[in-house]
1. Restricting the stretch 163-186 to residues that are surrounded by 13 or more Cβ atoms within 10 Å (Cβ to Cβ) and at pLDDT below 85, which is farthest from GLU142 (Cα to Cα)?
2. Checking the condition in contact with a helix residue (DSSP H, G or I) (Cβ under 6 Å, 6 or more places away or on another chain), at pLDDT 80 or above and in the same structural domain as HIS31 (by TED's automatic domain parsing), which residue from VAL143, VAL100, VAL111, VAL64 passes?
3. Can you tell me which residues in the stretch 142-198 are of a type in the set (Lys, Arg) and more than 16 Å from PRO131 (Cα to Cα)?
4. Pick from the stretch 127-145 the residues that are surrounded by fewer than 17 Cβ atoms within 10 Å (Cβ to Cβ) and among the hydrophobic types (A, V, I, L, M, F, W, C): which of them is farthest from the chain's Cα centre (by Cα)?
5. Residues of the stretch 54-94 being of a type in the set (A, V, I, L, M), touching a Phe, Trp or Tyr at 6+ places or on another chain (Cβ under 6 Å) and within 11 Å of TYR106 (Cα to Cα), which ones?
Amino acid sequence: MALKNEDFPFEIIAKVNNVDELKKIAFEEEHELIVLERMNADFFDKDLAESNSKFYETQNVLVVSDFDKQEIQRTHKMGVKGFITSDIDKSDWLEALKMVGNGNKYFSRKVIEVLIEMSYQHVKKQNQSIPLHESLSEREMEVLMLITQGKVAEDIANELFLSIHTVYTHRKNILKKLSCKSAAELISYAYTSGLMEH
């Protein structure tokens, strides 16, 4: 939604069309508010953030964009104070301008929904425990599978062309990595983890 100049609660000092013009204006002095339309992609060039690492922290930047989850996630990580989608109504537009212009954060409903979803996915990823056996080497996995078949160290050594000492070392490491104390517990782990046929 385009606002008319009379609806805009700030004096418009300048309009820029590319990142070079933005740098020239933005880095010379602080402004009450900088509104960036996401369609001007070069405004979000990494060079802008890198040329002044505190640009988004020190400037009151409000981003206006079409609804695009990936863009919302990327732009939010830059540390902008405000992000709204271009389809919001006039009252939300004005609220966003006032909030960000006063140094506060403002995100439209759709943007908040994406950020919540992003946060939920991050927590979900952290909570997904990786199966313990994923930490085993290929050789340790081979030794584990032979143990689950009831084979003793000598049989395993012969089958894999290893010394008995090496088999014992692998067995000790497997027990430690899988938090088991005996061959019986290893077999139980393999069974409950789907490593053995039921």
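1. GLU185
2. VAL111
3. Matches in the stretch 142-198: LYS151, ARG171, LYS172, LYS181.
4. Of everything passing the filter in the stretch 127-145, MET145 is farthest from the chain's Cα centre (by Cα).
5. Matches in the stretch 54-94: VAL63, VAL80.
The values are calculated or read from the model by the stated rules, or taken from the named source; none is laboratory data. Computed from a prediction, not measured in an experiment: that's the story for all the values here. In this analysis, Cβ positions are derived from the backbone assuming ideal geometry, glycine residues included, and neighbour counts consider all displayed protein chains.
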